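Following: one structure in structure tokens, then a few remarks.
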Amino acid sequence: QVQLVESGGGLVQAGGSLRLSCAASGSVFSINAMGWYHQAPGKQRELVAAITSGGRRNYADSAKGRFTISRDNAKNTVYLQMNSLKPEDTAVYYCNANLGAFREVWGQGTLVTVSS
């Protein structure tokens with residue numbers, strides 16, 4: 001069993017920054033990759049950024065150049081540094097852990113609101 005707890009969401013003005021954190025606990029050795037997704041009202045959940053256990057990263061086009069995903073293996077924590085935030089980044093952000101074999105775990109979500 002893997003549990004994920006997100007933190008760091010909040011209200012920020014356009015152009016500002018936030019850092020989201022996702023702490024994993026439990027059977028963390030089974031995690032292959034971790035990622036951040038967001039879901040805006042009335043829209044589907046979409047990948048923002050992901051990082052593998054080997055450190056390989058990939059980003060949604062909307063996140064490239066503005067967001068950075070990183071992980072601290074000693075703390076079993078993944079971060080999403082979000083800079084130059086835009087109102088369209090407003091969404092609930094979810095942490096995801098990919099355990100392989102079509103298994104995955106989701107965090108409870110943290111709300112990010114970017115005001116114009």
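Charge tally for Thr77 (other residues, Cβ to Cβ under 12 Å; Lys, Arg +1; Asp, Glu -1): +1. Taking Cα centre as origin and charging only the Cβ of basic (Lys, Arg, +1) and acidic (Asp, Glu, -1) residues, the dipole magnitude of the chain rounds to 200 debye. For the chain, a Gaussian network of Cα nodes joined below 10 Å ranks Ala24, Ala33, Ala74 by mean-square fluctuation, and the top entry is Ala74. Per residue, the chain exposes an accessible area of 54 Å² to a 1.4 Å probe, with every protein chain left in place.
Around Val92, under 12 Å between beta carbons, what's the net of Lys plus Arg minus Asp minus Glu among the other residues? Walk me through the intermediate numbers first.
Details: positive: Lys43, Arg45; negative: Glu6, Glu46, Asp89.
Result for the neighbourhood of Val92: -1.
Hey, any idea what % of the chain's accessible area is carbon plus sulfur with a 1.4 Å probe? Carbon plus sulfur share of accessible area: 49 percent.
Our estimate of slack between Ala40 and Glu104, defined as 0.36 nm per intervening residue step minus the Cα-Cα distance, is 20.9 nm. Extending 7 Å from the Cα toward the beta-carbon at both Ala74 and Asn32 defines two label points whose distance is 2.9 nm. Considering only trypsin sites (Lys or Arg not before Pro) in DSSP loops that have at most 16 other Cβ atoms within 10 Å, the longest stretch of the chain without any of them is 1-42.
The values are calculated or read from the model by the stated rules, or taken from the named source; none is laboratory data. All of these numbers come straight from a predicted model, not from anything done at the bench. Positions of Cβ are backbone-derived with ideal geometry, glycine not excepted, and every protein chain shown enters the neighbour counts. Areas reflect the complete protein model, heavy atoms only, side chains present, ligands, DNA and RNA absent. Shrake-Rupley method; radii C 1.70, N 1.55, O 1.52, S 1.80 Å.
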